[in-house]
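Below: one structure, written as structure tokens.
Where a number appears in this text, it was derived from the coordinates with a stated rule and is not lab data. The structure displayed is predicted, hence computed values, not measured ones. Methodologically, a virtual Cβ is constructed for each residue, glycine included, from the backbone with ideal geometry; neighbour enumeration extends over all protein chains shown.
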Amino acid sequence: MTLIELGEISSGSDPQEPAAPPRRSDLRRIAVLLVTVLCVLTVTGSARPAPRGLPVLWSVEYTGEQFTMTGDTLYLLGPGAVPRLTAYDAATGSIRFTRKGFGSSWLNTDVPGLLLMPITAERKVPDDIGNTYIEQTVQATVALDAHSGAELWRGTGEANLWNGDMIMLVERAEELNEPTRFRTVRGPTGSTIWSYEPVQGVTSWTATGTDPLRPDRFITATDTGDVEVRRFSDGSVVTAGKLPWRASAQGNGGYSQLFSSHDKLFVITEDAGRQTVTGYHPDSLRSLWTLETGTLNGFFDCGALLCVSTGPGGVAALDPATGQVAWRSEGWEYARQTGDGRLITEPHQSGGWHGVIDTATGRKIVQFELGTTYVDPVTGTVLTMTASSTTLGSATLTQLTDSDEIVVRGSVGSNTDAGCVLVADRLACSIGGVLSVRDVG
């Protein structure tokens, strides 16, 4: 693994005449010089100058708002009883639109071309020992045009699943928090495509398909294990059946829930400290395989495989269709996909392994210093932010190149109020009361 620092060219420098290519007689002298430099570095160490700051494109005062960014727009949702939504051009900081009057504390940009604003309200919820606590519930969803901010439609329920521009809204009973209706609408208009009102209380639901962004099956389960599989496109029932299920009402902290990975359905049951995972084919509810473990594990997609956290510092990658172990890896518990057949590992404990591994084999490719890693969903750029070893209160940004080298890109203040967002080679970070957008391209 090589660490390289990229230089910076001042915009005010005088233009230079292009250098002539080296003559054949010069090549030997250049090679001797390179060998000499490498020998000096080997003897004296590879000390590097402090990283230079990344260019700031624009900045704005930050007072605790939620912010998110798409390919061309940064959205800032202000705090307070009547939050204000401001959309900025991500490259220049010019304001595209400002809207206020929503009782919303967050926004959703997962559906292209839309901003989904959940309208929330507080309600009192009893716990198991007779006390109550305050919970925020979503009563309705407002859809805005992502570019102009114009309101397109609003409907009851929370936007929970989507397939392209199809959005599923889940309406709940206020007193029980159980779904009373699942309604699929068209993203541009909000018009209903199909709806389903369960007769029995639904306690778990999921969607699955070959393309995780366009699921073709919608699955629900009741607390008695009655499972129904519907087509996401029109709500028609594909199959139904009763599966082994641990009802949460039975106590002892046990329960069952649905989980999906690629085009397979899974039932995860936790009971008395043990966990059972059973895979099913969603079109027939035919059992595929079962895995029993003595620990409570996490599950997540690993490319074409299903990853299972096997305990502190260990992960097994399984074939979703057979349950066969494809590979095992140690030193981390979770990973995110980069979209190019690789995973970025995330250790939960200090001293864990933080880096890039091959999705198909689990082979470790490159290791990062422990820090926070950002993956650009548009360009695939991978940045890691780590505490600076030389400057107190500063963080160093490094980038993983296509040749698996780690290059120093610059430094930013480390006291971020709400983290950073990396999209389209622009990095937005809130630092010390200022939200700044930097160019990392």
Within the range 261-300, find all residues whose amide N lies under 19 Å from a label point positioned 7 Å from the Cα of Thr239 along Cα-to-beta-carbon.
261-268, 277-291
Can you compute the FRET efficiency between Thr276 and Arg363 using 1/(1 + (r/R0)^6), with r the Cβ-Cβ distance and R0 = 22 Å? Round to the nearest 0.05.
0.15
Relative compactness, the range 218-291, computed as alpha-carbon Rg over 2.2 N^0.38 Å:
1.11
Inter-site label distance for Thr189 and His348 at 7 Å from Cα along Cβ, in nm:
4.7
Which shape class applies to the range 147-211: rounded if a/c is under 1.5, otherwise prolate when a/b exceeds b/c and oblate if not, where a ≥ b ≥ c are the square roots of the Cα gyration tensor eigenvalues?
oblate
Counting every C-alpha pair in the range 227-368, the percent lying more than 26 Å apart is 32
Put one equal scatterer on each alpha carbon of the range 144-290, apply the Debye formula with no solvent term, and list log10 I(q)/I(0) at q = 0.08, 0.13 1/Å to two decimals.
-0.24, -0.61
Regarding the range 278-321, what's the average projected area of the Cα-atom convex hull, expressed in nm²?
3.4
Eigenvalues of the Cα gyration tensor times 5, then square-rooted: what semi-axes does that give for the range 55-213, in whole angstrom, largest first?
30, 21, 13
Distance in nm between Glu178 and Ile95 label points, each 7 Å along Cα→Cβ, equals 4.7
Compactness check, the range 291-441: C-alpha Rg relative to the 2.2 N^0.38 Å globular estimate gives 1.13
Segment Val56-Ser148, length gained on full extension (0.36 nm per residue, minus Cα span)
30.6 nm
P(r) tail for the range 209-249, what percent of Cα pairs lie past 13 Å?
56
In the range 326-370, what GluC sites (Glu not before Pro) fall in a loop by DSSP, with at most 15 other Cβ atoms inside 10 Å?
Glu369
Cα centroids of the range 182-198 and the range 315-365: how far apart, whole angstrom?
37
Neighbour counts of other C-beta atoms within 10 Å: give me Leu114, Leu54 arranged from fewest to most.
Leu54, Leu114
If we count every other residue with Cβ under 12 angstrom of Pro320's Cβ, Lys/Arg +1 and Asp/Glu -1, where does the sum land?
-2
State the extension gain, in nm to one decimal, for the chain segment bounded by Ile134 and Arg336, taking 0.36 nm per residue of separation less the distance between their alpha-carbons.
69.5 nm
Would you mind ranking Val366, Val202 so that the residue whose beta carbon has the fewest other beta carbons within 10 Å leads the list?
Val366, Val202
Decide, for the range 177-232, between rounded, prolate and oblate: order the square roots of the alpha carbon gyration tensor eigenvalues as a ≥ b ≥ c, take rounded if a/c falls under 1.5, and otherwise choose prolate if a/b is larger than b/c, else oblate.
oblate
Total formal charge among the other residues, if their Cβ is under 12 angstrom from that of Leu285, Lys/Arg +1 and Asp/Glu -1:
+1
